[in-house]
Amino acid sequence: MPPHSTQEQGVTGSSDASSDLTRGKPPDWLDATVERAKKKYQVQRALEKRSVQAEAMKRKLGNQFCRELFAWFENVEVRFNNRFGSQVLAVSVVGSDGSRNAQILARPMRAQEGTASLSYVENTASLGLNVGFDGGAETAQTIKLVLSAQGAILAEIGAKHYTPEQLGQKIIDDLLA
């Protein structure tokens with residue numbers, strides 16, 4: 001059989017430009033395109049990476065914030081009732097770290113009752129809060145969890161920011177107002 005013809009060499013031979021890629025020699029246009037893309041998207045990719053890291057940190061700190069807040073409610077219930085002299089606050093926390101709910105009942109007088117229900121689901125950046133008085137309609141709001149400049153997670157309601165203890169104090173103050 002005769003050797004490959006010149007026409008066949010164009011298809012199967014090593015003179016084809018694509019064979020440069022298989023030998024590890026990318027053409028100049030590929031190097032230039034890769035460099036342009038790296039430069040063009042470098043800042044955006046770095047920002048995206050930081051954003052993903054910040055969201056992961058926020059979720060981790062959000063879980064910690066809710067653990068601290070719900071533990072604070074349980075501790076303050078006993079201390080408040082002992083100091084008040086009767087059962088005014090009742091706190092019930094249910095669920096695991098990943099999905100927790102807290103029910104807070106404030107009854108300073110028999111004819112006056114306020115309830116707050118807080119809910120947190122892992123990997124979210126917010127708390128759900130429902131507040132009602134004397135069996136009336138409840139108001140619902142979402143409390144955003146935000147990362148402060150110092151790296152701490154805070155609850156954000158409007159333009160105000162709260163630590164777990166401060167948020168707990170605000171909720172109880174609102175129930176007893």
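The values are calculated or read from the model by the stated rules, or taken from the named source; none is laboratory data. For clarity, every value in this text was computed on a predicted model and none was experimentally measured. FYI the Cβ positions are ideal-geometry reconstructions off the backbone, even for glycines, and counts take in every protein chain you see.
Answer yes or no: is there a residue in segment 163-171 that is in a strand (DSSP E or B), of a type outside the set (Lys, Arg) and in contact with a helix residue (DSSP H, G or I) (Cβ under 7 Å, 6 or more places away or on another chain).
no
Starting from segment 47-72, keep only residues that are hydroxyl-bearing (Ser, Thr, Tyr), then list their pairs with residues that are in a helix (DSSP H, G or I) whose Cβ atoms are within a distance under 8 Å, requiring at least 6 positions of separation or different chains.
none
For segment 58-113, what are the residues that are polar (S, T, N, Q), over 26 Å from Ala152 (Cβ atoms) and within 30 Å of the chain's Cα centre (by Cα)?
Residues satisfying the conditions are Ser92, Gln103.
Of the conditions (1) at pLDDT 90 or above; (2) surrounded by 12 or more Cβ atoms within 10 Å (Cβ to Cβ); (3) assigned to a strand (DSSP E or B), Pro108 clears all except one; give me its number.
(1)
Conditions tested, residue by residue: (1) in a loop (DSSP other than H, G, I, E, B); (2) of a type in the set (Val, Ile, Thr); (3) more than 30 Å from Val52 (Cα to Cα).
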position	(1), (2), (3)
Arg83	no, no, yes
Ser86	yes, no, yes
Ala90	no, no, yes
Asn123	yes, no, no
Leu145	no, no, no
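Would you confirm whether or not segment 155-170 contains a residue that is surrounded by 15 or more Cβ atoms within 10 Å (Cβ to Cβ), without any contact (Cβ under 8 Å) to a residue 40 or more places away in the chain and either out of contact with any strand residue (DSSP E or B) (no Cβ under 9 Å at 6 or more places or on another chain) or among the aromatic types (Phe, Trp, Tyr) (or both)?
So far as segment 155-170 goes, yes, one or more of its residues are surrounded by 15 or more Cβ atoms within 10 Å (Cβ to Cβ), without any contact (Cβ under 8 Å) to a residue 40 or more places away in the chain and either out of contact with any strand residue (DSSP E or B) (no Cβ under 9 Å at 6 or more places or on another chain) or among the aromatic types (Phe, Trp, Tyr) (or both).
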